[in-house]
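Encoded as structure tokens, the structure appears first; notes follow it.
The values are calculated or read from the model by the stated rules, or taken from the named source; none is laboratory data. This one's a predicted model, so the numbers in the text were calculated from it and none came from an experiment. Glycine gets a Cβ as well: all are built from the backbone with ideal geometry, and neighbour counts include every protein chain shown. Only protein heavy atoms, including side chains, enter the accessible area calculation; ligands, DNA and RNA are left aside. Shrake-Rupley method; radii C 1.70, N 1.55, O 1.52, S 1.80 Å.
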Amino acid sequence: QVQLVESGGGLVQPGGSLRLSCAASGFTFSSAAMSWYRQGPGKQRELVARITTRGITNYADSVKGRFSISRDNAKNTVWLQMNTMKPEDTAVYYCNAITSYGAYWGQGTQVTVSS
């Protein structure tokens, strides 16, 4: 049974930082491309960052230079480090795995950027 469990969301002031974690189980983590998506109020879900099995990363233009995605295959975990956060980063953030069996999603974690 595939499970993706996000944690680390919360309320942060503009300019602050948060680190999201996604703990994965039920599949071969090292063989999966991992991504973070987000869905803001009244918006469509969008890709924030992706890391391939080889560690190649790509980011949405809106977060380049501020967010960083990383993974540890030994810990079956992917992280999203978010710095210099802005109110427009407010969203539910979802972990996504692309495996040989298909795509899977976590339940999401709320991130709110507000003073």
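Observations on the structure shown:
- Whole-number percent relative contact order across the chain, with pairs defined as alpha carbons under 8 Å at least 6 apart: 36 percent
- Computed from the C-beta positions of Gln44 and Ala103 and an R0 of 22 Å, the FRET efficiency is 0.85 to the nearest 0.05.
- Per-residue HN-Hα couplings for the stretch 34-49 [Karplus 6.51, -1.76, 1.60; θ = phi - 60°; Hz; x = Gly/Pro]: 10, 9, 10, 10, 9, 9, x, x, x, 10, 7, 5, 9, 6, 9, 7
- Residue-by-residue Karplus 3J(HN,Hα) for the stretch 97-106, coefficients 6.51, -1.76, 1.60, Hz, glycine and proline x: 10, 9, 10, 5, 8, x, 9, 10, 10, x
- Long-range amide H partners of Thr90 with built H, under 5 Å: Val113
- Förster radius 35 Å - calculated FRET efficiency between Glu88 and Thr28, Cβ distance, rounded to 0.05: 0.50
- Cα-based reach from Lys86 at 21 Å (exclusive), listing lysines while leaving out same-chain residues under 8 positions away: Lys43, Lys64
- For the chain, the carbon plus sulfur part of the accessible surface works out to 46%, probe radius 1.4 Å.
- Protein heavy-atom accessible surface, 1.4 Å probe, per residue over the chain: 52 Å².
- Of all the options Val12, Val48, Val78, the one that moves most in a Gaussian network model of the chain with Cα springs shorter than 10 angstrom is Val12.
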